[in-house]
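Working notes for the structure below.
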Amino acid sequence: MATGHIGTDWRDSEPWWPETPTPPESAANVVLIVLDDVGFGQLGCYGSQISTPHIDAIASRGVRLGNFHTTALCSPTRACLLTGRNHHRSGMGRIADLAMGYPGYWGKPPKENGFLSEILRSQGYASYAIGKWHLTPDDETNMAASRDTWPLSRGFERWYGFHGGETHQFVPALYHDSHSVRPPKSIEDGYHLSADLAERAIEFLGDLRAVDADRQFFLYFGTGACHSPHHAPREWIERYKGAFDGGWDLMRETVHARQLEMGIVPPGTRLSPRPKWVPAWEDLSDKQREVAARFMECFAAYMSYTDAQIGRLIEFLERLGELENTLIVLVSDNGASAEGGQEGSINDIRMSNLDPAGIEEMYKRIDEIGGPSTHNNYPWGWTMAGNTPFKRWKREVHEGGVADPCIVSYPKRFDVSAGQIRHQYAHAIDVMPTVLELVGIDPPEIIDGIQQSHIDGVSFGYLLDSNAKEEPGRRLTQHFEMFGSRAIYHDGWKAVTFHPIAPLYDDGLDPQAPFDEDVWELYHVAEDLSETHDLAADEPERLASMIDLWWQEARNNQVLPLDNRVLWTIVHPRPDRRRPRDSYHYFQGGAQVPEPVAVNVRNRSHRIRVDALLGEEGSNDGVLIALGSILGGWSFHILDGHLRYVHNLYGKARYSVTSQDPVPRGERSLVFSFEKTDRLGGTMRLEIDGQLVGEEPLERFTPTGFTGVGVGLTCGYEWGPAIGEGYEAPFRFPGTILDAVVETTGPIVNDPMAELSAILCEQ
């Protein structure tokens, strides 16, 4: 309440200043580290042979949870971590890219579900976000979009990172606060995103301490690791040469034995059987084993390199003298990913184009795997091993998809429990209440004038006490749903059913089958953590009550309607408020335009016209307009004085057309056109000032997507790595682009993904 007084002038007036919010006395700093696609058995302190000494050191100062759960997918888990609400209640029933027109699937957490950052900032904390966000629909990640769901609109004061699920680790599509930025260094300079994120985190904290020596901070640190592409510096990959030649079956047995020995799983926990769709390592050919081992070497190198960068951040906290009073929570957002398929993938966008690389191509390119020319993702045999001892994986709600590492360290308050393990049940929604309890802040009823909804999470702060080992768990019930697969945990029991999204596995299940035909399994997970003994036939009444409980939770948490149509959602995105058009203008040097909102030229006739002023002296080589990277896309540019267009077919092949004569200097009209002549091919043509100067066939124009790493359309430069050969990105055009127009002259063509969607899903 104001206590000052306003008189007629300063002589009879008394000034007053409103109080500045401050956290409770001696409240901890908070660092929330979110790893990506790291399975239960992929950290050293959870039994892995992958070296993670810095994460292990955090565990040695804190408590490891051996029964922590997520949602099975990244955006939904991140919403749980930051809001304390179940993911459908935050509109994140799926990843933000796959929003649907139902409240539980809108892809935008509502304001009544306040973020941890909003709460802590309102109490005086500095709040910074670093790394992966993925809580914004992909059509709102551009410079013309609303920033309502970006970090700075949800309680963070600074952000440096990337939108979407993944990005190129050597040339990422980065954002700083509310705008797009290029990486600060090149591949040749040794750039890697994991190091960049650590450096920015240190920079942000250093900037804070340079001005305010005492203000507490909340740092949300989301790594790209270990989501594909599994990029790592070559010298780190070499460290693991030969380390996985024994294969995934042996690795799984080794990790399981270590988990039992260290107590990360209870005594008697069985190793779930290898599913029939995962081949035995001994049944692979020599080439298959060599390629598969290389994939795993790259994943391990990526994880270890990122661990080293986390170590740099922790070392900085030690230098500040603040590690003891810093609450660190480290989690993974879901189980290990099987999106690389049975043999692995050197470019995930090829999956979308229904043209994956086979073992022969991957073997020929084995030395490229892990480097900038590949978008590598390991075979699902390694996924199975990464989720040891559990069954299934990311996107599915058996334990392999939802059981994940969670480490909590707060040395100043809980040093006596250092290095211990807890087996009480916990979930991602419990993280926010835990943090608030440990820093001594109550969740507010109102944030920025908006009444807050109830919080689903329950604090597990009690688990950090040294005598908490035998304490009963405080989370009694938790439901799960992802793409139609469902599960319910209740008081030590779990009922679960798998519903496929596509006919990927040799299990005879039909993606289009009615949900009421799904077969439910029942496990007493208090004694059978790895779901190896199905008790459904033995306890039908318990199973029936568990299923009824799932439906009750589903109705209370915006889970319905059930929908497993992933492809349908990709082909039928949410309505676009922009008016339809067939002509797009782009401007030299502007921010990249993400592919979802750029002109759609995929497998359709179109025309690119660039009116440019070429200098009278020196080279005029450079990019006029481009979309994509070395992983796929197209580039219209001048090289060695000649006009050229290159079509990069998702890294598999390049098609180009080049003018016979150099481009004359001065003001010129430069045109590329593609005339579609058959299902996937057509004719490329170049014109200079209305004269045809080049013509070549194009066998296959990219049908579905150019690049899966967030790199969009650019004018006057390329993002990189370079789409074509003979130059290095950004390859900026030195002249002046007066006008750059892309016109679509043919209809949108149903691509293979749409055709497959029509087969698998209802229209």
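Pull up region 655-668, narrow it to residues that are surrounded by 15 or more Cβ atoms within 10 Å (Cβ to Cβ) and in a strand (DSSP E or B), then point me to the one that is farthest from the chain's Cα centre (by Cα).
The qualifying residue farthest from the chain's Cα centre (by Cα) is ARG668.
Of the residues in region 583-614, how many are part of a loop (DSSP other than H, G, I, E, B) and either at positive phi or of a type in the set (Lys, Arg) (or both)?
Here the count works out to 4.
Pull out all pairs, ordered by first then second residue, where Cβ-Cβ is under 8 Å, the residues are six or more apart or on different chains, the first lies in region 263-275 and is outside the structural domain of GLY419 (by TED's automatic domain parsing) and over 15 Å from MET384 (Cβ atoms), and the second is aromatic (Phe, Trp, Tyr) and assigned to a loop (DSSP other than H, G, I, E, B).
Qualifying pairs under 8 Å: none.
Restricting to region 676-695, name every residue that is surrounded by 15 or more Cβ atoms within 10 Å (Cβ to Cβ) and of a type outside the set (Val, Ile, Thr).
Matches in region 676-695: LYS676, LEU680, GLY681, GLY682, MET684, ARG685, LEU686, GLU687, GLY694.
Working carefully through the options PHE636, PHE587, find the one that is within 26 Å of GLY710 (Cβ to Cβ), surrounded by fewer than 16 Cβ atoms within 10 Å (Cβ to Cβ) and in contact with a strand residue (DSSP E or B) (Cβ under 7 Å, 6 or more places away or on another chain).
Step by step, each of PHE636, PHE587 is checked, and only PHE587 is within 26 Å of GLY710 (Cβ to Cβ), surrounded by fewer than 16 Cβ atoms within 10 Å (Cβ to Cβ) and in contact with a strand residue (DSSP E or B) (Cβ under 7 Å, 6 or more places away or on another chain).
Filter region 703-732 for residues that are buried (at least 19 other Cβ atoms within 10 Å of the Cβ), modelled with pLDDT of 95 or more, not aromatic (Phe, Trp, Tyr) and not in a strand (DSSP E or B) and give the result.
Answer for region 703-732, where residues must be buried (at least 19 other Cβ atoms within 10 Å of the Cβ), modelled with pLDDT of 95 or more, not aromatic (Phe, Trp, Tyr) and not in a strand (DSSP E or B): GLY712, GLY716, GLU718, GLY720, PRO721, ALA722, ILE723, GLY724, ALA729, PRO730.
Which of the residues belonging to region 45-70 are buried (at least 24 other Cβ atoms within 10 Å of the Cβ) and either over 23 Å from GLN259 (Cα atoms) or in contact with a Pro (Cβ under 6 Å, 6 or more places away or on another chain) (or both)?
TYR46
May I ask you to list the residues in region 539-558 that are exposed (fewer than 11 other Cβ atoms within 10 Å of the Cβ) and touching a residue at least 12 places away in the same chain (Cβ under 8 Å)?
Within region 539-558, none qualify.
Please work out which one of (1) polar (S, T, N, Q); (2) at pLDDT 95 or above; (3) surrounded by 23 or more Cβ atoms within 10 Å (Cβ to Cβ) is the condition THR736 fails and give its number.
Answer for THR736: the failing condition is (3).
Checking the structure you have, find out if any residue of region 564-573 is of a type in the set (S, T, N, Q), over 30 Å from PRO596 (Cα atoms) and either in contact with a Lys or Arg (Cβ under 8 Å, 6 or more places away or on another chain) or surrounded by fewer than 19 Cβ atoms within 10 Å (Cβ to Cβ) (or both).
no
Please work out which residue is surrounded by the most Cβ atoms within 10 Å (Cβ to Cβ), limiting yourself to region 203-227 and to residues that are of a type in the set (A, V, I, L, M) and under 30 Å from ASN377 (Cβ atoms).
Only one residue fits best here, namely ALA225.
Name the residue, out of TRP281, TRP277, that is among the aromatic types (Phe, Trp, Tyr), over 16 Å from SER345 (Cβ atoms) and surrounded by fewer than 17 Cβ atoms within 10 Å (Cβ to Cβ).
TRP277
Could you check THR434 against (1) assigned to a loop (DSSP other than H, G, I, E, B); (2) crowded, with 21+ Cβ neighbours inside 10 Å; (3) hydroxyl-bearing (Ser, Thr, Tyr) and say which number it fails?
(1)
Within region 141-189, which residues are surrounded by fewer than 21 Cβ atoms within 10 Å (Cβ to Cβ) and acidic (Asp, Glu)?
Passing the criteria: ASP148, GLU157, ASP177, GLU188, ASP189.
Within region 403-416, is even one residue within 23 Å of the chain's Cα centre (by Cα), in a loop (DSSP other than H, G, I, E, B) and acidic (Asp, Glu)?
yes
So which pairs qualify, if the first residue must be in region 559-572 and on the phi < 0 side of the Ramachandran plot, the second must be of a type in the set (Val, Ile, Thr) and crowded, with 16+ Cβ neighbours inside 10 Å, the Cβ gap must be under 6 Å, and the two must be at least 6 apart or on different chains?
ASN564/ILE501; VAL566/ILE501
Cβ-Cβ distance below 6 Å, separation of 6 or more or different chains: which pairs start in region 113-131 with a residue that is assigned by TED's automatic domain parsing to the domain that holds TRP150 and end on one that is of a type in the set (D, E, K, R) and assigned to a loop (DSSP other than H, G, I, E, B)?
What qualifies is ASN113/ARG85; PHE115/ARG154; ALA126/ARG215; SER127/GLU157.
Restricting to region 474-489, and then to whatever is closer than 18 Å to PHE68 by Cβ and touching a residue at least 60 places away in the same chain (Cβ under 8 Å), can you tell me which residue is surrounded by the most Cβ atoms within 10 Å (Cβ to Cβ)?
Residue satisfying both the conditions and the ranking: ALA487.
Please verify whether region 63-75 includes one or more residues that are among the aliphatic types (A, V, I, L, M), in a loop (DSSP other than H, G, I, E, B), touching a residue at least 60 places away in the same chain (Cβ under 8 Å) and over 21 Å from HIS230 (Cβ atoms).
No, because not a single residue in region 63-75 is among the aliphatic types (A, V, I, L, M), in a loop (DSSP other than H, G, I, E, B), touching a residue at least 60 places away in the same chain (Cβ under 8 Å) and over 21 Å from HIS230 (Cβ atoms).
Counting only residues that are touching a residue at least 40 places away in the same chain (Cβ under 8 Å) and either within 16 Å of VAL646 (Cβ to Cβ) or assigned to a loop (DSSP other than H, G, I, E, B) (or both), which one in region 677-692 is farthest from the chain's Cα centre (by Cα)?
Applying the filter and picking the extreme gives LEU686.
Counting residues that are assigned by TED's automatic domain parsing to the domain that holds ARG78 and out of contact with any strand residue (DSSP E or B) (no Cβ under 8 Å at 6 or more places or on another chain), which strands (runs of 3 or more DSSP E) fully inside region 145-257 reach at least 1?
Because the criterion is at least 1 residues that are assigned by TED's automatic domain parsing to the domain that holds ARG78 and out of contact with any strand residue (DSSP E or B) (no Cβ under 8 Å at 6 or more places or on another chain), the strands (runs of 3 or more DSSP E) in region 145-257 that meet it are 179-181.
Only residues that are of a type in the set (A, V, I, L, M) and at pLDDT below 95: list them for region 639-695, please.
LEU680
For VAL38, only one of the following conditions fails: (1) surrounded by 10 or more Cβ atoms within 10 Å (Cβ to Cβ); (2) over 16 Å from PHE221 (Cβ atoms); (3) aliphatic (A, V, I, L, M); (4) touching a Pro at 6+ places or on another chain (Cβ under 8 Å). What is its number?
Going through (1) surrounded by 10 or more Cβ atoms within 10 Å (Cβ to Cβ); (2) over 16 Å from PHE221 (Cβ atoms); (3) aliphatic (A, V, I, L, M); (4) touching a Pro at 6+ places or on another chain (Cβ under 8 Å) one by one, VAL38 breaks only (2).
For region 444-467, enumerate the residues that are of a type in the set (D, E, K, R) and in contact (Cβ under 8 Å) with a residue 24 or more places away in the chain.
Listed by number, the residues that qualify are ASP448, ASP456, ASP465.
In contact with an Asp or Glu (Cβ under 6 Å, 6 or more places away or on another chain), hydrophobic (A, V, I, L, M, F, W, C) and within 26 Å of SER373 (Cα to Cα) - does that describe any residue in region 668-684?
Among the residues of region 668-684, at least one is in contact with an Asp or Glu (Cβ under 6 Å, 6 or more places away or on another chain), hydrophobic (A, V, I, L, M, F, W, C) and within 26 Å of SER373 (Cα to Cα), which makes the answer yes.
The values are calculated or read from the model by the stated rules, or taken from the named source; none is laboratory data. Only a predicted model underlies this, so the values are computations on that prediction, with no experimental measurement involved. Here the Cβ is made from the backbone with ideal geometry for all residues, glycine too, and neighbour counts use every protein chain on show.
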